[in-house]
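The values are calculated or read from the model by the stated rules, or taken from the named source; none is laboratory data. The structure displayed is predicted, hence computed values, not measured ones. Glycine also receives a Cβ, built like all others from the backbone with ideal geometry; neighbour counts cover every protein chain displayed.
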Amino acid sequence: MSQFIQLTQQDPQLVREELLAGLLAASAQTSPKYLYDALGSKLFEAICELPEYYPTRTEAQIFASYADEIAAVAGTGATLIDLGAGNCAKAASLFPALQPSHYVPIDISVQFLRDAVSRLQSQFPRIAMTGIGMDFSSRLDLPTAVPRHNRLFFYPGSSIGNFTPQEALAFLARVHAACLHEGNADGGILISIDLVKDAVILDAAYDDALGVTASFNLNLLQHLNHLLQADFDLRAWRHRGFFNAKQSRIEMHLEALSPQTVRWPGGVRRFEEGERIHTENSYKYTQQDFIDLLTQAGFVDVTVWSDPQQWFMVCHARA
Ligand code: AVI
C-alpha cells in the first residue's frame with residue numbers, strides 16, 4: 001500500500017517574497033525550482049527525450065550496464081530515498097537489481113509525484129512506497145514513516161549540478177547526516193554527475209534545435225504570472241542557454257526582446273532590451289572535483305561508473 005505525505009505547502013507569502021527579491025535585484029534571477037510547475041515537469045520530461053540532451057540516455061546506459069555491480073556495492077533491501085523523483089522512472093529501472101524494501105520518492109511537484117507513485121505501486125505491489133511532497137533543497141528532516149536504518153539516498157539526473165558547489169557541499173553534508181542511525185554511519189548515496197566536456201556538446205544540450213529547452217525556460221514566466229499575478233508577455237522574451245567555461249557551468253537566462261515594464265499587484269519592474277533574468281545554473285564537474293566534494297561532506301569509499309566517452313558518471317559513496 002502506498003501512502004503520500006505532504007510535508008509543507010510552500011507558504012505563498014514566502015514564495016512571493018523570495019521571487020520578488022530575485023526579480024527586483026539589479027541582476028534579476030529566480031531559483032531553478034520555479035521551472036517545475038506541472039507543465040514545466042512535463043517539458044523537462046520532453047527535454048530528456050531530445051537527441052542533444054545526452055545526460056538522460058547516458059545515465060540510463062550506465063544504469064543498464066552496471067545495475068548488478070551497483071547493487072553489489074550499494075547493497076540490496078535498503079530504503080531507497082529518491083530525491084527529486086519526478087516520474088520515478090530512474091529508480092524503477094533499478095528496482096530489479098537494488099530490490100528496495102521501501103521506496104520513498106520525494107518531489108516538490110506534488111501532483112505529478114502523486115500520479116507517478118500510484119502507477120508505480122500497482123507495478124511493484126510488494127515494495128512499500130511513501131511519497132513525500134517537499135522542497136528538499138534546504139532541509140532533509142524526513143517523517144518517522146521513513147525507516148532510519150539502511151538508507152540509500154538516490155540523486156540521479158545530475159541534479160546536484162543545479163546547486164552552486166558550496167550549496168552542493170552543504171546539501172551532501174545534510175544527506176550524510178540523514179544517513180546516520182543511532183549516531184553510526186549507515187547507508188549511503190547513489191548520485192549522478194555531469195562531467196566537463198566540449199562546449200559545443202554542452203551548448204547544444206541546453207539550446208536544442210526543437211526549442212523544447214526554450215519552452216521549458218519561458219514557461220517559468222507563465223509560472224511567475226500565476227504565482228505573482230504578474231503580466232510577463234512570453235513573446236517578449238527569448239531563451240539563452242550556454243556554457244560558461246570559467247565557472248564550469250551552463251547558464252540559462254531569459255532575455256528581454258524589447259524594453260518593457262512587468263507589473264504585479266503592488267510592484268513593477270522595468271527591463272531594458274537585452275536585459276536578462278538568470279533562471280538556472282547547471283555545474284559540470286571533473287571526476288576528482290566531485291569525489292573531493294563527497295569526501296568533504298563526510299562520505300567514504302567512493303565507487304564510480306562512467307560511459308566510454310566519460311561524459312557522465314554515477315557514484316556510490318558510503319556514509
Ligand atoms: C534537472 N537538471 C539536472 C537539468 C540540468 O541539466 O541541469 C535541468 C535542465 N535545464 C535545462 N535542461 C535541463
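If I ask for residues that are over 21 Å from the mean Cα position of the chain (by Cα), in a strand (DSSP E or B) and not aliphatic (A, V, I, L, M), which ones from region 292-305 would you list? Across region 292-305, the qualifying residues are 301, 303. If you check residue 105 against the conditions, is it closer than 28 Å to residue 180 by Cα, in contact with a Leu (Cβ under 9 Å, 6 or more places away or on another chain) and within 16 Å of the ligand (Cβ to nearest atom)? So residue 105 fits the description; yes.
For region 177-195, the criterion of being in contact (Cβ under 8 Å) with a residue 60 or more places away in the chain, crowded, with 16+ Cβ neighbours inside 10 Å, within 16 Å of the ligand (Cβ to nearest atom) and more than 23 Å from residue 106 (Cβ to Cβ) is met by at least one residue.
Take the conditions (1) in contact with a helix residue (DSSP H, G or I) (Cβ under 9 Å, 6 or more places away or on another chain); (2) within 18 Å of residue 312 (Cα to Cα); (3) without any contact (Cβ under 8 Å) to a residue 12 or more places away in the chain; residue 283 misses just one of them, which is (3).
Taking first residues from region 136-148 that are surrounded by fewer than 17 Cβ atoms within 10 Å (Cβ to Cβ) and partners that are of a type in the set (Ser, Thr, Tyr), the Cβ contacts under 6 Å between residues at least 6 apart in sequence or on separate chains come to 145/130. Only one of the listed residues (89, 78, 74, 67) is within 16 Å of the ligand (Cβ to nearest atom) and of a type in the set (A, V, I, L, M). That residue is 89. Of all residues in region 6-21, those being outside any loop (DSSP other than H, G, I, E, B) and either more than 20 Å from the chain's Cα centre (by Cα) or modelled with pLDDT under 90 (or both) number 8.
Residue by residue, here is whether (1) within 24 Å of residue 71 (Cα to Cα); (2) out of contact with any Leu (no Cβ under 8 Å at 6 or more places or on another chain); (3) surrounded by fewer than 17 Cβ atoms within 10 Å (Cβ to Cβ); (4) not polar (S, T, N, Q) holds:
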| position | (1), (2), (3), (4) |
| --- | --- |
| 270 | no, yes, yes, yes |
| 277 | no, no, no, yes |
| 300 | yes, yes, yes, yes |
| 305 | yes, yes, no, yes |
| 313 | yes, no, no, yes |
| 316 | yes, no, no, yes |
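Taken as a whole, the condition of being more than 16 Å from the ligand (Cβ to nearest atom) and under 18 Å from residue 162 (Cα atoms) applies to residue 294.
Quick test for you: out of 153, 171, pick the one residue that is within 20 Å of the chain's Cα centre (by Cα) and not in a strand (DSSP E or B).
Within the list 153, 171, the selection yields 171.
Of all residues in region 52-64, exactly one satisfies the criterion of being within 16 Å of the ligand (Cβ to nearest atom), surrounded by fewer than 17 Cβ atoms within 10 Å (Cβ to Cβ) and in contact (Cβ under 8 Å) with a residue 12 or more places away in the chain, namely 60. Selection of region 196-222 for residues being free of Cβ contacts under 8 Å to residues at least 12 places away in the same chain and either surrounded by 16 or more Cβ atoms within 10 Å (Cβ to Cβ) or aliphatic (A, V, I, L, M) (or both) yields only 200.
Of everything in region 159-173 that is under 22 Å from residue 47 (Cβ atoms) and in contact with a helix residue (DSSP H, G or I) (Cβ under 9 Å, 6 or more places away or on another chain), the residue that is farthest from the ligand (Cβ to nearest atom) is 168. Quick one: which of 294, 224 is more than 26 Å from residue 54 (Cα to Cα) and touching a helix residue (DSSP H, G or I) at 6+ places or on another chain (Cβ under 8 Å)? Testing whether each residue is more than 26 Å from residue 54 (Cα to Cα) and touching a helix residue (DSSP H, G or I) at 6+ places or on another chain (Cβ under 8 Å) leaves just 224. Filter the helices (runs of 4 or more DSSP H) completely within region 33-100 down to those with at least 1 residues that are under 23 Å from residue 311 (Cβ atoms), at pLDDT 95 or above and of a type in the set (Val, Ile, Thr). Where helices (runs of 4 or more DSSP H) fall fully within region 33-100 and carry at least 1 residues being under 23 Å from residue 311 (Cβ atoms), at pLDDT 95 or above and of a type in the set (Val, Ile, Thr), they are 38-47, 54-74. In this structure, residue 135 does satisfy being among the acidic types (Asp, Glu), in a loop (DSSP other than H, G, I, E, B) and either modelled with pLDDT under 90 or touching an Asp or Glu at 6+ places or on another chain (Cβ under 6 Å) (or both). Against the criterion of being of a type in the set (S, T, N, Q) and either surrounded by 15 or more Cβ atoms within 10 Å (Cβ to Cβ) or over 18 Å from residue 162 (Cα atoms) (or both), residue 261 qualifies.
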